[in-house]
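Colleague: The structure's right below; bear with me while I get my questions together.
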Amino acid sequence: MKAKIIGIEDGVIGVEVIHPRGNQHIIEIPVDNDEASDYHGQNAYPHSSEERTEDQEHLMNQVFARARFEAHINTNYDILLSDWDPRQLRRGIDALEKMPLNQFDEAFREYYHALIDPERTKQEYGLTEGRVEFEGEPRIALIMKGFCINDENEVVEVLPDMYIYYSKEDIEETYTTGTPASCSEGTTQITPMVPPFVEVPEDFVYPEDFRGFLINNLIYQIRDIYRNMGETPPKQYDIEGYGKPKGNFDRDEY
């Protein structure tokens, strides 16, 4: 998609997005009023989401995501969280790559064991039958653990708690537990987000391979940021693996 800033006035960023099909969209993003809603002007599709097909809804959301991305990278306003900015995730990759291996081991050992032994993790977080929001045995769908980097792309803190998504095979709704902690001011939060291991490969070497595993997850997340905007990811990021848990794209295609 082609996008450009068409103006900033009275605390509102105007963005024009042209979809590859040739449709013009005008997005207005208020940045000085938290209660104001974004405006999306277009004449190609129904204006009510209830009247749009699933494909049309995906497309409209992709256009909106592309406009917000354009506003984020080409103005002085912080529109997106760091987890949706490819530049910040790239910094997170750099930080993990240069982190001394013994420090990485100490910082992420708990996360590794949570992923390879989800049954123990369920017990530690109280995710057992009779203690959750639904009947039956819960399963962990995703475990997230954030870390904080400074301006020199160095890991200065690994957040102490994990944030867990859980569900059950026969229900679509997902629930959460844990503490969604955040990094201190002046640092940037990066969050690997991966499902538990089905099994650990025989040739998997900890901690070396686990560091590569987390780096790959951040690569996959960068890939999905572009898919979320309806765009083809840069070649170096367009590889197979688990990235964002949801987005404005059909995961079954990939």
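The values are calculated or read from the model by the stated rules, or taken from the named source; none is laboratory data. The structure displayed is predicted, hence computed values, not measured ones. Cβ sites come from the backbone with ideal geometry, for glycine too, and all protein chains shown count toward neighbours. Accessible surface is based on the protein model in full, side chains and every heavy atom, while ligands, DNA and RNA are left aside. Shrake-Rupley method; radii C 1.70, N 1.55, O 1.52, S 1.80 Å.
Colleague: List the residue pairs whose Cβ atoms are under 7 Å apart, where the first residue sits in the stretch 102-128 and is assigned by the TED database to the domain that holds Thr179 and modelled with pLDDT of 95 or more, the second is in a helix (DSSP H, G or I) and hydroxyl-bearing (Ser, Thr, Tyr), and the two are 6 or more positions apart or on different chains.
Modeller: What qualifies is Ala114/Thr121.
Colleague: If you don't mind, there's one more thing I want to ask. Going by the structure shown, is Pro30 within 25 Å of Pro86 (Cα to Cα) and open to solvent by 50 Å² or more (accessible area, probe 1.4 Å)?
Modeller: No.
Colleague: Based on what the data block shows, is Ala71 in contact with a helix residue (DSSP H, G or I) (Cβ under 7 Å, 6 or more places away or on another chain), at pLDDT 90 or above, assigned to a helix (DSSP H, G or I) and small (Gly, Ala, Ser)?
Modeller: no
Colleague: If you scan the stretch 176-228, which residues turn out to be of a type outside the set (S, T, N, Q), in contact with a strand residue (DSSP E or B) (Cβ under 8 Å, 6 or more places away or on another chain) and over 29 Å from Pro138 (Cα atoms)?
Modeller: Residue satisfying the conditions is Cys183 alone.
Colleague: List pairs: first in the stretch 168-189 and within 21 Å of Cys148 (Cβ to Cβ), second of a type in the set (A, V, I, L, M) and open to solvent by 50 Å² or more (accessible area, probe 1.4 Å), Cβ under 7 Å, 6+ apart or cross-chain?
Modeller: Thr187/Val156
Colleague: Also, quick follow-up: Can you name every residue in the stretch 177-214 that is open to solvent by less than 70 Å² (accessible area, probe 1.4 Å), hydroxyl-bearing (Ser, Thr, Tyr) and more than 21 Å from Ile116 (Cβ to Cβ)?
Modeller: Ser184, Thr187, Thr188
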